[in-house]
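What follows is a single structure, written as structure tokens, with notes after it.
The values are calculated or read from the model by the stated rules, or taken from the named source; none is laboratory data. Remember, it's a predicted structure, so these values are computed and weren't measured experimentally. When we count neighbours, we look across all protein chains shown, and the Cβ atoms used for this are built from the backbone with ideal geometry, even at glycine. Areas reflect the complete protein model, heavy atoms only, side chains present, ligands, DNA and RNA absent. Shrake-Rupley method; radii C 1.70, N 1.55, O 1.52, S 1.80 Å.
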Amino acid sequence: MPPTPAEPPAIPTVPGPAAPEATAPGPSAAVRPAHTGQAPPVLAEVVRSGFVEGHHRGSLVVLDADGAVEWALGDVAAPVFPRSSNKPFQAVACLRAGAPLAGERLALAAASHSGEAIHRELAAKVLAEHGFTEDALQCPPDLPLDPEEAEAYLAAGHARARLTMNCSGKHAAMLAACRAAGWSTDDYLDPGHPYQRLVADALAGAAGEPVAATGTDGCGAPLLAVSLTGLARAFRALVTAPQGTPQRRVADAMRAHPEYVAGTRRHDTWLMREVPGTLAKMGAEAVQAVALPDGRALAFKLDDGGTRALGPVLARALERVGVTSPVLARIGAHPLLGGGVPVGEVRAAF
């Protein structure tokens, strides 16, 4: 395989204007980023037998320790759906509603868990502790998110279940929050529900910009759009918040219990375990957000949603901001196979 191309110079951007006050979610018309006539930059390339056979384009933003944009690639001001990268702010809303969550339970509230036994069992405990059963969950039944876990789960004779769905911990926490606040639980996914309004306030306040659009996520929960720059600012706000605040409590729980945020074979878990103080959360459609303990942060999205390139892009972005750890090689490795043996790779291209 040819050597990795030489690194281009960083591309600076200018931060956008101060954001107006946060707004609650509501029905949204279609929102599309403005088109500049230029394709997004290539963030990763697919190399097979020394031949570049494909590309993954997208946008990426890096903030310095003071929260200003240090450099960016692509359009980082246009709204995107962060998907599950929004989950920490749903957990913040749970605390603000009065849910008595801490430790592993709070980490699971912000999780896209792999569906391993520890995840299923703890989600069931959270439900029981607040007077609910699995039937109260409004996420759809699913198999474990982790492919190896899914194979073992099916081999054991299990079927799709709501507890197994990767968002079950979040939904259990939402129910706990509604119970603590005295709110209705049969409509907890309604965008106008008091809990969901708390979520919108938590995200918009941390992002420093209003929610640009409201949709429906794969688990049925309201899905709120902000820019990649706003998402990076929001993650920075989690790690720089004062001790004891809901934002900091969520960040600390996720970093202390990363196996509950993702799973034993997942990038987010590896990164938070091996680079102390780092906060990381991926989202569907190849979204990733990371905050470092000194206040630096980054967020990116691959336009085609190709999660196979998520690890290589994440590892390269962290290298660019000066993170040094053996775990980056593990995160960044995505070999391509031919006849069962490696014949190429998906690699970062910036």
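Here are some notes:
- Averaging Cα coordinates gives a centre for the range 61-76 and one for the range 209-234; these two points are 18 Å apart.
- Listed residue (THR307, GLY103, PRO191) projecting farthest to the positive dipole end of the chain, Cβ model: GLY103
- Only Lys, Arg, Asp and Glu carry charge here, each on its Cβ (+1 for the first two, -1 for the last two); on that basis the range 47-139 has a dipole of about 140 debye about its Cα centre.
- Given charges at Cβ of Lys, Arg, Asp, Glu: the range 202-350 dipole, positive-most of ALA289, GLN243, VAL346: GLN243
- Net dipole in debye of the chain [+1 Lys, Arg Cβ; -1 Asp, Glu Cβ; about Cα centre; nearest 20]: 300
- Relative to the compact-globule estimate of 2.2 N^0.38 Å, the Cα radius of gyration of the range 109-175 comes out at 1.01.
- Amide N of the range 264-281 lying under 14 Å from the label point, which is placed 7 angstrom from the Cα of ALA152 along Cα→Cβ: 264-266
- The ellipsoid that matches the Cα gyration tensor of the range 257-316 has semi-axes, each √(5λ) in whole angstrom, of 18, 14, 9, with the longest given first.
- Counting only protein heavy atoms and a 1.4 Å probe, the range 214-350 has 33 square angstrom of accessible area per residue.
- When only alpha carbons are used to place a centre, the range 273-341 and the range 154-186 end up 28 Å from one another.
- With the charge dipole of the chain set up from +1 on Lys and Arg Cβ and -1 on Asp and Glu Cβ about the Cα centre, the Cα lying farthest toward the positive end among the listed residues VAL61, SER84, GLY277 is that of GLY277.
- Taking 7 Å steps out from each Cα toward its Cβ at ASP186 and ASP135 produces label points 1.3 nm apart.
- Using θ = phi - 60° and Karplus 6.51 cos²θ - 1.76 cosθ + 1.60, couplings along the range 55-69 (whole Hz; Gly, Pro as x): 9, 10, 9, x, 9, 8, 10, 10, 9, 7, 5, 8, x, 7, 5
- Normalised by 2.2 N^0.38 Å, where N is the number of residues, the alpha-carbon radius of gyration of the chain equals 0.96.
- Only DSSP H runs of four or more residues enter the estimate; each adds -39500 (n - 2.57), and after division by the residues of the chain the mean residue ellipticity at 222 nm equals -10000 deg cm²/dmol.
- Net length gained if the chain between PHE51 and VAL343 were fully extended (0.36 nm per residue, minus Cα distance): 104.1 nm
- Descending semi-axes in whole angstrom, ellipsoid equivalent of the range 157-298, from the Cα gyration tensor: 24, 20, 15
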